[in-house]
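Novice: Sharing a structure below in structure tokens format, with a few things to ask.
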Amino acid sequence: MSTPRPAEAASLRDVTQIERLLTRVTYLAGRARRHERLMSGSGVSLDRASVSILRYIAESEPLRPGVLAVRLSVEASHVTRQLRQLESYGHVLRVPDPEDRRAQRVQITEAGLAAFDRVREASRQCIGEVLGDWPTDDLRQLAVLFGRLVDDFVEHAETVVDHAETAVAPRPVD
């Protein structure tokens with residue numbers, strides 16, 4: 001194996017540092033204490049998984065539960081369980097799929113949208129407190145870079161899903 005060139009070594013160090021920091025941010029953002037503060041600040045009472053699903057539904061067109069599971073990279077049974085909870089609170093409802101009468105899609109209700117808006121506002125306030133001392137230019141640059149990062153992650157995830165869906169199963173040997 002060859003020794004990496006200085007630029008490659010620096011790039012590898014940068015990617016390693018980014019991975020470490022993303023892991024740390026993910027951990028901090030997903031902590032139970034932060035979620036409890038978010039729910040308290042929003043007046044909404046949902047578990048973290050339900051909030052993630054509600055957020056996704058609020059920011060998309062009505063989706064089939066299976067498609068939602070794929071896009072969230074979770075098991076379909078997990079999404080089904082969370083959707084039942086969200087339905088019981090009146091936050092989502094199932095509607096007929098216009099492309100297939102046997103299927104259903106999930107869409108957000110007015111109550112669900114109101115709950116999502118309260119959660120998003122409470123989250124925005126928390127993040128605003130953390131970043132309150134940052135210069136405007138730094139915030140803009142961070143927003144642009146985060147947007148680019150998310151777009152690249154989504155593109156990569158969809159490419160992986162596309163490859164998995166089009167993969168051909170090996171033929172049995174005679």
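The values are calculated or read from the model by the stated rules, or taken from the named source; none is laboratory data. From a predicted model like this one, the values you see are computed outputs, not experimental measurements. In this analysis, Cβ positions are derived from the backbone assuming ideal geometry, glycine residues included, and neighbour counts consider all displayed protein chains. Just the protein is used for accessible areas: all its heavy atoms, side chains included, with ligands, DNA and RNA removed. Shrake-Rupley method; radii C 1.70, N 1.55, O 1.52, S 1.80 Å.
Novice: For residue 109, list long-range residues whose amide hydrogen, built 1.01 Å from N in the peptide plane, is under 5 Å from its own amide hydrogen.
Specialist: Here the answer is 92, 93, since their amide H atoms fall under 5 Å of that of residue 109.
Novice: Moving on to the next point. Could you report the accessible area of residue 61 in Å², rounded to 10, computed with a 1.4 Å probe on the protein chains as they sit in the structure?
Specialist: Only protein atoms counted, so the area is about 100 Å².
Novice: If you don't mind, another one. Peptides 137-143, 34-40, 81-87: what's the order by average Cβ count within 10 Å, highest mean first? Please list the in-between numbers first.
Specialist: Numbers: 137-143: 11.0, 34-40: 14.9, 81-87: 17.7.
Going from most to least packed, we get 81-87, 34-40, 137-143.
Novice: Convert each backbone phi in region 78-90 into a coupling constant with the Karplus relation 6.51 cos²θ - 1.76 cosθ + 1.60 (shift: θ = phi - 60°), then list the ³J(HN,Hα) values in order as whole Hz, x for Gly and Pro.
Specialist: Values, residue by residue: 5, 5, 4, 4, 5, 5, 4, 5, 5, 5, 5, 7, x Hz.
Novice: Might you report the magnitude of the Cβ-based charge dipole of region 1-104 about its Cα centre, with Lys and Arg at +1 and Asp and Glu at -1, to the nearest 20 debye?
Specialist: Numbers: 17 positive and 12 negative charges, 81 e Å.
Taking the Cα centre of region 1-104 as origin, the dipole is about 400 debye.
Novice: What whole-number value in Å² describes the accessible area per residue of the chain for a 1.4 Å probe? Spell out each step's value before the answer.
Specialist: On the way: 13050 Å² over 174 residues.
Spelled out: the 1.4 Å probe surface of the chain, per residue, equals 75 Å².
Novice: Once amide H atoms are built 1.01 Å from N in the peptide plane, which residues 5 or more positions from residue 97, or in another chain, come under 5 Å H to H?
Specialist: Close amide H contacts, sequence-distant or interchain: 103, 104, 105.
Novice: Return the sequence-ordered ³J(HN,Hα) values of region 93-99 in whole Hz as given by the Karplus equation 6.51 cos²θ - 1.76 cosθ + 1.60 applied to θ = phi - 60°, using x for Gly and Pro.
Specialist: Karplus values, whole Hz, x for Gly and Pro: 9, 8, 10, x, 7, x, 8.
Novice: I've got another one for you. Can you pull the percent of the chain's accessible area that's carbon plus sulfur, 1.4 Å probe, other chains left in place?
Specialist: Numbers: 7300 of 13050 Å².
Here it works out to 56 percent.
Novice: What is the P(r) of region 1-98, as percent of Cα-Cα pairs per 5 Å bin from 0?
Specialist: Histogram of Cα-Cα distances, whole percents per bin: 2, 10, 16, 16, 14, 11, 8, 7, 6, 5, 3, 1.
Novice: Scale the Cα Rg of region 22-66 by the rule-of-thumb value 2.2 N^0.38 Å and send over the ratio, two decimals. Can you show the working numbers first?
Specialist: Working: Rg = 12.4 Å, N = 45, 2.2 N^0.38 = 9.3 Å.
Expressed relative to 2.2 N^0.38 Å, the Cα Rg reads 1.32.
Novice: Would you please give the residues with an amide H less than 5 Å from that of residue 63, counting only those at least 5 places away or on a separate chain, with H modeled from the backbone geometry?
Specialist: Here 106 satisfy the definition.
Novice: Would you rank 146, 153 by solvent-accessible area, highest first, keeping every protein chain in place and using a 1.4 Å probe?
Specialist: On the way: 146 90, 153 125 Å².
The ordering from most to least exposed comes out as 153, 146.
Novice: Among 44-57, 90-103, 12-25, 108-121, how do they line up by average Cβ neighbours within 10 Å per residue, starting with the highest? Before the final figure, lay out the partial values.
Specialist: On the way: 44-57: 18.6, 90-103: 13.4, 12-25: 10.3, 108-121: 16.8.
So the peptides 44-57, 90-103, 12-25, 108-121, ranked by packing, come out 44-57, 108-121, 90-103, 12-25.
Novice: Rounded to the nearest 20 debye, what is the charge dipole size of the chain about its Cα centre when +1 sits on each Lys and Arg Cβ and -1 on each Asp and Glu Cβ? Write out the running numbers ahead of the final one.
Specialist: Values: 24 positive and 26 negative charges, 130 e Å.
Here the size comes out at about 620 debye.
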